[in-house]
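Q: The structure follows.
The numbers here are math on the coordinates, done by the rules we state, and not lab data. Note that this is a predicted model, so its numbers are computed, not measured. Cβ: placed from backbone, ideal geometry, glycine included. Neighbour counts: every protein chain shown.
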């Protein structure tokens, strides 16, 4: 039997993410906010250079608020990470895709866990570019190491209001080479 955690409304996404995915994911999480037309991609992808087998089990994707397991989405993410992942590694991610509901067919699978996009190539390329841009930004800032706020565990479990569009608290820490 599957168990779900009840979380009060209010959008405390970091708290939910920490409770479900754990601090190991949060420590490696790179925030994504990507938009083009009426497509929006938000969420987190773990730094592929630090992905462990335990993290690879974290693969959550939501399309218009509904959890999905879609090959097209997974392929786009794997393709964006392929240069950084070994053959036996999988990317870890929690992503929220918002798309015009008229551009998605949710009646593909009886349990509604799969979708069919009317413009599948556009959606694939959009997700690919969004994830790749975050990974390239990480690479371009090689002199910097993006880490989570060391006091994040205090922030996560404090009752604070989630501000729409806020990104997980990140610190830029200079890494001497």
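Q: How far apart, in nanometres, would the label points at residue 116 and residue 87 be if each is projected 7 angstrom from Cα along the Cα-to-Cβ direction?
A: 3.4 nm
Q: Okay, next question. Would you order 44, 34 from fewest to most other beta-carbon atoms within 10 Å of each residue's own beta-carbon?
A: 34, 44
Q: OK, next. With 10 angstrom as the radius, rank 121, 78 by how many other C-beta atoms surround their C-beta, starting from the fewest.
A: If I rank by nearby Cβ atoms, fewest first, I get 121, 78.
Q: For 88, 105, what's the fewest-to-most ordering of other Cβ within 10 Å of each Cβ?
A: Listed from fewest to most nearby Cβ atoms, that is 88, 105.
Q: With each pseudo-label sitting 7 Å past Cα toward Cβ, what's the residue 35-residue 136 distance in nm, one decimal?
A: 2.1 nm
Q: Want the number for residue 19 to residue 129: 0.36 nm per residue separation, take away the alpha-carbon distance, what's left?
A: In short, 36.7 nm is gained.
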